[in-house]
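Below: the structure, in structure tokens.
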Amino acid sequence: MQPVPDNIYLPQIAILDRVVEEIAEVKTFYWHFEDPEAQAAFKRFLPGQFAQVSIFGVGEFPASLPPSPTEADLFFTVRKVGSVTAALHALNPGDRFGVRGPYGNGFPMRDYSGRNLLFVAGGIGLIPLRSCLNYALDNRDRYGMIQLFYGARGLKDLMYLGALREWEMARGFECHLTVDRADDQWTGNVGVVSSLFKKPGVTVPVANTTAFVCGPPIMFRFVIRDLIEMGFKDQDIVSTLERYMKCGVGKCGHCCIGLAYVCADGPVFTYGQIKHLGEVI
Amino acid sequence: MRARVMDKAHWLALIDRLRADFDEVIAPFAGRGRDTYFDRVTDANRARVPLHVPNPYYPPKRYVLPPIERLLQIHLNSTPRIQAAVDAPRRAIVGIRSCDTAGIDHLDRFYLGRDFRDGYYAAHRQNLFLVNVVCTDPEVDIDDDCFCMCADTGPAAREHFDLQVMDLGDELLVVAGSVTGEALFADPIFRKGTPAHLARRRDILAHVRTRFKVSTSWYWSTVKAITLGEVADSTWERIGNRCLECGGCSYMCPTCTCFTVTERRLGPDDFERVRIWDACALGGFTRMAGGFNPRRAAHDRRNRRFFRKLAHYFIQRELSVACVGCGRCVEVCHGDIGMPQVVEIVRRTTAESAHAARA
């Protein structure tokens, strides 16, 4: 047996600090690396990149990095959906797990300088967009108007609400919320997320705007249709894709769609690219 | 490239020399009928290492990419202990055919190239010494399904070997393709060749090239059709409907690279994380946790493999076609949609529809 230098499959040990319940089945896990050097290296990630999370003895899964690199904390927001995410949900503060990354292309934030940013998210689709949104807010003067249109099934399914309200107050961005089904406590908009675009008092600039869309496939299709109708060009609509992944580094082949390995060539693609990848969404 | 000549009678001496130099020597052996297989050369079988042999059904891919390979050994504790090591003996394959040599070169470009270098693959590859034997016996070496002429990988590999052996009759012509290969020429079994040897080599190759049998695979019009999106959905469906989704083509392919990763229990607190060959024809290949499968339509999935191998973007990206003309997929496929058949179906249907459009 011999050692494997620069092992791309070797996770670093991470320690869970605290867990915050977001919505049903979705929790945020704050963590740090055991090795401070690994922590420092990892902190150079870009908005939109992702990491491979290992629960030892169970498996590994790809997870978006919701924090902006301008934030102090590292955390994942993960829905309990399969065996490994369930094992992550069962961890307690102080428990150790594995992380490797960051991987993927991330959002080309420099390209958006001087542009308006329009975020359109559905349900847990806000998780992969959060990094980009908060990065833009932390560099507020580089960008024009920043808007978030966010929809979920009900009030109980809206995520990061506390942070969103706080940012809306303090940092100069518009946040519009909607739910598919209202309950007694809901006084806001009811309907699909793109219905917000036409609400009185809402102006969505089209010229010089980049739109970020992330959500379930059906929401994605309708929002894209509406954005195109409004005059958005394919290359000004950006999304981040998720796929079954085993390696995160362009080797295992599971996430390869059309001409792209989502892990290495993505996960951030423009709609113009997505259209030509074939077999997406 | 340097070349030397040796007596055919010294073939066994060459094998023994390799056995002395390496931890293990692998060679193709004849089983029953035309069945052949790669196996370790031992004291008992060393005299049976053939010069001419039908290419084994299973490719030598497993010597650089084992079907199951441990990536990590995990000991669970309050602080988990993670160990990574690779078992990569110094190994020679003697008798690897030209198509399989090209296959390993393709794997090199995939696993060692681009942004991430696979350390496990690199360790196996670094310790691997390839003695390529040129297919010069049309009756024994060349199968009905061989089409290396179309893939431009044979019958004599031009590169990517350490030594190349060619049967000239009573003598063997040995070409060195690497510095380590050339170092072996110090052995007294080798002597300098003459221009007559090289002329004989040319004559033999010219003859062998005329002795290929039934399979052909004229890739390039198919590459063009796939790259430009000219293949009709009905054609993909026709191909897909013949697929039994067994995954055999991927497992037999010397260039297929996909793997899955899973955790296996070794003891109460011990686990290993292994990677296992995987195949894109299988239904669960793209299924995500929670059950959503973005590649649901069966023909999507079934034709994924051909798209990945024949789209020009990938050929350019790896600087080689992920098909080396070994013919194994033709042999393994129950639906008769090996690479040559698919190339032919796409070529015909796109030509026919272009013809119909002109009429």
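For B:T210, the conditions (1) among the hydroxyl-bearing types (S, T, Y); (2) in contact with a helix residue (DSSP H, G or I) (Cβ under 8 Å, 6 or more places away or on another chain); (3) surrounded by fewer than 12 Cβ atoms within 10 Å (Cβ to Cβ) all hold with the exception of (2). Taken as a whole, the structure places A:I218 among residues that are within 15 Å of A:G125 (Cβ to Cβ) and either of a type in the set (S, T, Y) or modelled with pLDDT under 90 (or both). Against the numbered list (1) buried (at least 22 other Cβ atoms within 10 Å of the Cβ); (2) in contact (Cβ under 8 Å) with a residue 12 or more places away in the chain, A:C256 comes up short only at (2).
Given the structure, is A:K246 at the interface with chain B (Cβ under 9 Å from one of its Cβ atoms), surrounded by 23 or more Cβ atoms within 10 Å (Cβ to Cβ), modelled with pLDDT of 90 or more and in contact with a Cys (Cβ under 8 Å, 6 or more places away or on another chain)?
Taking the combined requirement at face value, the residue satisfies it.
Against the list (1) closer than 19 Å to B:R305 by Cβ; (2) exposed (fewer than 15 other Cβ atoms within 10 Å of the Cβ); (3) of a type outside the set (K, R); (4) in contact with a helix residue (DSSP H, G or I) (Cβ under 7 Å, 6 or more places away or on another chain), the condition B:W220 fails is (4).
Scanning segment A:77-101 for residues that are touching a residue at least 24 places away in the same chain (Cβ under 8 Å) and farther than 22 Å from B:R287 by Cβ yields a total of 12.
Please verify whether segment A:234-243 includes one or more residues that are facing chain B (nearest Cβ under 8 Å) and within 26 Å of B:V231 (Cβ to Cβ). Taking every residue of segment A:234-243 in turn, at least one turns out to be facing chain B (nearest Cβ under 8 Å) and within 26 Å of B:V231 (Cβ to Cβ). Screening A:D180 with (1) without any contact (Cβ under 8 Å) to a residue 40 or more places away in the chain; (2) within 12 Å of chain B (Cβ to nearest Cβ) gives one miss only, at (2).
Every residue, every condition in (1) in contact with a helix residue (DSSP H, G or I) (Cβ under 7 Å, 6 or more places away or on another chain); (2) touching a residue at least 12 places away in the same chain (Cβ under 8 Å); (3) small (G, A, S), yes or no:
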site: B:W277; (1), (2), (3): yes, yes, no
site: B:M288; (1), (2), (3): no, no, no
site: B:H312; (1), (2), (3): yes, yes, no
site: B:L319; (1), (2), (3): yes, yes, no
site: B:G327; (1), (2), (3): no, yes, yes
site: B:H334; (1), (2), (3): no, yes, no
site: B:V346; (1), (2), (3): yes, yes, no
site: B:A356; (1), (2), (3): no, no, yes
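Among residues of segment A:1-29 that are within 11 Å of another protein chain (Cβ to nearest Cβ) and within 30 Å of A:L155 (Cβ to Cβ), those with a beta-carbon under 8 Å from a residue that is at pLDDT 95 or above and in a strand (DSSP E or B) at least six positions away or on a different chain give the pairs A:E25/A:R79. Would segment A:45-53 turn up any residue that is more than 15 Å from the chain's Cα centre (by Cα), closer than 25 Å to B:I74 by Cα and within 14 Å of another protein chain (Cβ to nearest Cβ)? Scanning segment A:45-53, I find at least one residue that is more than 15 Å from the chain's Cα centre (by Cα), closer than 25 Å to B:I74 by Cα and within 14 Å of another protein chain (Cβ to nearest Cβ), so the answer is yes.
Do you know which of the residues in segment B:136-182 that are polar (S, T, N, Q) and in a loop (DSSP other than H, G, I, E, B) is farthest from B:A102 (Cα to Cα)? Checked segment B:136-182; the qualifying residue farthest from B:A102 (Cα to Cα) is B:T136.
Within segment A:158-172, if we keep just the residues that are free of Cβ contacts under 8 Å to residues at least 40 places away in the same chain and in a loop (DSSP other than H, G, I, E, B), the residue that is farthest from A:V204 (Cα to Cα) turns out to be A:R171.
Could you list all residues from segment B:188-208 that are of a type outside the set (S, T, Y) and in contact with a strand residue (DSSP E or B) (Cβ under 9 Å, 6 or more places away or on another chain)? Listed by number, the residues that qualify are B:I189, B:F190, B:R191, B:K192, B:G193, B:H197, B:L198, B:R200, B:R201, B:I204, B:L205. Here B:R200 fulfils each of the conditions (1) basic (K, R); (2) over 24 Å from the mean Cα position of the chain (by Cα); (3) outside any helix (DSSP H, G or I) apart from (3). Among what's in segment A:65-100 and is more than 14 Å from chain B (Cβ to nearest Cβ) and in a strand (DSSP E or B), pick the residue that is surrounded by the fewest Cβ atoms within 10 Å (Cβ to Cβ). Going through the qualifying residues, I end up with A:F75. With respect to (1) crowded, with 20+ Cβ neighbours inside 10 Å; (2) more than 11 Å from chain A (Cβ to nearest Cβ); (3) not in a loop (DSSP other than H, G, I, E, B), the lone exception for B:V261 is condition (2). Residues in segment B:55-97 that are buried (at least 21 other Cβ atoms within 10 Å of the Cβ), touching a residue at least 60 places away in the same chain (Cβ under 8 Å) and away from every other protein chain (no Cβ under 11 Å): 12 in all. Of all residues in segment B:136-153, those satisfying the criterion of being within 23 Å of B:R200 (Cβ to Cβ), touching a helix residue (DSSP H, G or I) at 6+ places or on another chain (Cβ under 7 Å) and surrounded by 20 or more Cβ atoms within 10 Å (Cβ to Cβ) are B:T136, B:C148, B:T153. What do you reckon, is B:C243 assigned to a helix (DSSP H, G or I) and either touching a residue at least 60 places away in the same chain (Cβ under 8 Å) or within 11 Å of another protein chain (Cβ to nearest Cβ) (or both)? Here the answer is no, as B:C243 does not meet what is asked.
Please return the ranges of helices (runs of 4 or more DSSP H) entirely within segment B:264-359 where 1 or more residues are away from chain A (no Cβ under 14 Å), at pLDDT below 95 and touching an Asp or Glu at 6+ places or on another chain (Cβ under 6 Å).
B:328-332, B:339-358
Looking only at segment A:195-209, residues that are assigned to a strand (DSSP E or B) and surrounded by fewer than 21 Cβ atoms within 10 Å (Cβ to Cβ) come to 0 in all. Residue count for segment B:187-207 under the criterion of being in contact with a helix residue (DSSP H, G or I) (Cβ under 9 Å, 6 or more places away or on another chain) and loosely packed, with under 13 Cβ neighbours inside 10 Å: the result is 0.
Condition (residue is within 14 Å of chain B (Cβ to nearest Cβ) and of a type in the set (V, I, T)) applied to segment A:103-121: is it met by at least one residue?
Quick first cut of segment A:103-121, residues within 14 Å of chain B (Cβ to nearest Cβ) only: A:103-106.
Add one more test, that the residue is of a type in the set (V, I, T), and what stays is none.
No, there is no match, as no residue in segment A:103-121 is within 14 Å of chain B (Cβ to nearest Cβ) and of a type in the set (V, I, T).
The values are calculated or read from the model by the stated rules, or taken from the named source; none is laboratory data. Quantities reported herein were computed from a predicted structural model and do not represent experimental measurements. Counting neighbours? That spans all protein chains shown, and the Cβs are built from the backbone with ideal geometry, glycine included.
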